[in-house]
Amino acid sequence: MSPFWCDYGYNISVGDRFYANHGMIITDGAKVTFGDDVFVAPNFCFTTAEHAIDPDMRRAGIEIAKPIAVGNNVWIGAGTIVLAGVEIGDNTVIGAGSVVTRSIPGNVVAVGVPCRVLREITEEDKTRYPMYRPASS
């Protein structure tokens with residue numbers, strides 16, 4: 001969904017059934033990879049850029065880019081920021097407003113600033129939406 005902003009575009013790859021809502025920003029100085037069945041809510045930022053902490057180095061323009069990788073079946077909540085070098089594992093949910101500063105494992109719910117694992121995703125989560133009835137086999 002528009003609007004969408006990126007630096008280059010050719011460093012971004014998306015899997016099957018990827019969906020990004022309004023307000024997507026990706027600074028793709030390095031590779032940004034999204035797996036299959038990834039859903040991203042509105043107003044998020046993925047940035048591969050990392051600037052020097054030392055003011056002299058910053059003034060000299062020292063900057064690097066680190067890749068970001070998002071696994072399969074990931075849901076990223078509204079207003080989330082994902083920083084350079086982060087990997088997000090399969091089946092993970094990142095809560096709205098999170099700032100993901102380090103990699104997050106698979107099969108968890110992670111939230112906050114900085115984003116931290118809140119809990120694992122369990123079988124009990126299948127009962128949270130009683131109107132959902134999975135297809136019978």
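In this structure, does THR33 turn out to be under 12 Å from the mean Cα position of the chain (by Cα) and either among the polar types (S, T, N, Q) or surrounded by fewer than 16 Cβ atoms within 10 Å (Cβ to Cβ) (or both)?
yes
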Please go through the range 82-100 and pick out each residue that is among the hydrophobic types (A, V, I, L, M, F, W, C) and surrounded by fewer than 17 Cβ atoms within 10 Å (Cβ to Cβ). ALA96, VAL99
Within the range 27-120, which strands (runs of 3 or more DSSP E) (wholly inside it) include 1 or more residues that are in contact with a strand residue (DSSP E or B) (Cβ under 8 Å, 6 or more places away or on another chain), β-branched (Val, Ile, Thr) and within 23 Å of TYR10 (Cβ to Cβ)? 32-34, 44-47, 63-65, 68-70
Given the options ASP125, ASP56, name the one that is farther than 29 Å from PHE4 by Cβ and surrounded by 11 or more Cβ atoms within 10 Å (Cβ to Cβ). ASP125
Just a yes or no: is a residue in the range 68-80 closer than 30 Å to ASP125 by Cα, small (Gly, Ala, Ser) and in contact with a Pro (Cβ under 6 Å, 6 or more places away or on another chain)? yes
Can you tell me which residue among SER13, SER2 is assigned to a strand (DSSP E or B) and surrounded by fewer than 18 Cβ atoms within 10 Å (Cβ to Cβ)? SER13
For the range 16-26, give me each residue that is assigned to a strand (DSSP E or B) and either over 17 Å from GLU87 (Cβ atoms) or at pLDDT below 95 (or both). TYR19, ALA20, MET24, ILE25
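The values are calculated or read from the model by the stated rules, or taken from the named source; none is laboratory data. Keep in mind that this is a model prediction, so the values were computed, not measured. FYI the Cβ positions are ideal-geometry reconstructions off the backbone, even for glycines, and counts take in every protein chain you see.
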